[in-house]
There are 2 protein chains.
Amino acid sequence: MTQEEKIRYEEMAKVSKALAHPSRLFIIHKLAEQEYCVQDLTKMIGVDISTVSKHLAILHNAGIIAKEKRGNCIYYSLLTKCVLNIFSCVINVIEANKEKINRI
Amino acid sequence: MTQEEKIRYEEMAKVSKALAHPSRLFIIHKLAEQEYCVQDLTKMIGVDISTVSKHLAILHNAGIIAKEKRGNCIYYSLLTKCVLNIFSCVINVIEANKEKINRI
DNA sequence: CCTCTATTTGGCTATTTTGCCTAATAGGCA
DNA sequence: TGCCTATTAGGCAAAATAGCCAAATAGAGG
């Protein structure tokens, strides 16, 4: 692995890491439907609001979601729709695993 | 988030987590071309062989790669080609981020 | 059966991530 | 201006992850 490649894969891992948490996957799934502010998501997830805020910061920092202040709230929305492809692939992998288990 | 949803997102996170490391992304990229055994990958990555073995175990456990013993070696190969879609999406996100930075 | 090679496992430390609580900040609105 | 709501930041402890070394295991091949 060359130095250049190393940097490239680290960059990619940064984005991948942003997806590697159940709450953040949930958030992405929700934001794919419509925008929400921190409180909305907090109610749905059921953890401390500061925790949700940090998850959103991670996703925003990775360039996956957008934030926009309007009125009293900050609305978050999905920036790159293609992350939904990741969802379907991850689901593919899970289904394939289950099939394999069932075959045994 | 219902209990059912929670379990579902945790399952998905397990697969996502398997992708969230530069060496593992590199491994996936290489295995997309052809199968390799632990030593081969170790030489390419340049970390301890036990570390590579553990990365491979994580990917295998997530159901992303297959292993097959043949002769003296255990050959690993990519099981679910669609993870390559994840690559292209991650690259999309990175490119979009760079464009945004350049615009400023 | 013995040896040798390839891989995995266990143990350990360092680092990173998570999530809560409390406090700070930002900005809308009376 | 001053209050009030929404969000973020800082600090801390618990948990998870990464990577090395040394030891164990598996099994091919003489």
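Readers should treat all values here as calculations from the given coordinates under stated rules, not as data from a laboratory. Here the structure is a predicted model, which means the values were calculated and not measured. Note that we place each Cβ from the backbone using ideal geometry, even for glycine, and neighbour counts take in every protein chain shown.
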Equivalent ellipsoid dimensions for segment A:46-97 as semi-axes, Å, which come from the Cα gyration tensor, largest first: 27, 15, 9
Charge-dipole axis of segment A:3-79 as Lys and Arg at +1 and Asp and Glu at -1 on Cβ define it, positive-most pick from A:Ile27, A:Val47, A:Gln3: A:Val47
Ratio of Rg to Rh over segment A:3-79 (Cα coordinates, Kirkwood Rh, two decimals): 1.04
With Cα atoms, 0 to 90° folded angle of helix B:83-103 axis to chain B main axis: 40 degrees
Residues whose placed amide H lies under 5 Å from that of B:Ile74, excluding near-sequence neighbours: B:Val38
Global size of the protein assembly as shown as Cα Rg and Dmax, reported in angstrom: 18.4, 67
Other copies of A:Val47: label-to-label distances in nm, shortest first, labels 7 Å along the beta-carbon direction: 2.4
In segment A:1-85, trypsin sites (Lys or Arg not before Pro) in a DSSP loop with at most 12 other beta-carbon atoms within 10 Å: A:Lys81
Chain B: Cys lacking any partner C-beta under 4.7 angstrom: none
Calculated label separations, A:Asn61, copies of the chain, 7 Å along the beta-carbon direction, nm: 2.6
Choice from A:Gly71, A:Gly46, A:Gly63 showing the highest fluctuation, given a GNM over chain A with Cα pairs closer than 10 Å: A:Gly71
Rounded tilt (10° steps) of A:49-61 against the dominant C-alpha axis of chain A: 60 degrees
Other-copy label distances relative to A:Asn72, 7 angstrom Cα-Cβ extension, nm: 7.2
Relative contact order [Cα under 8 Å, 6+ residues apart], chain A, whole percent: 25 percent
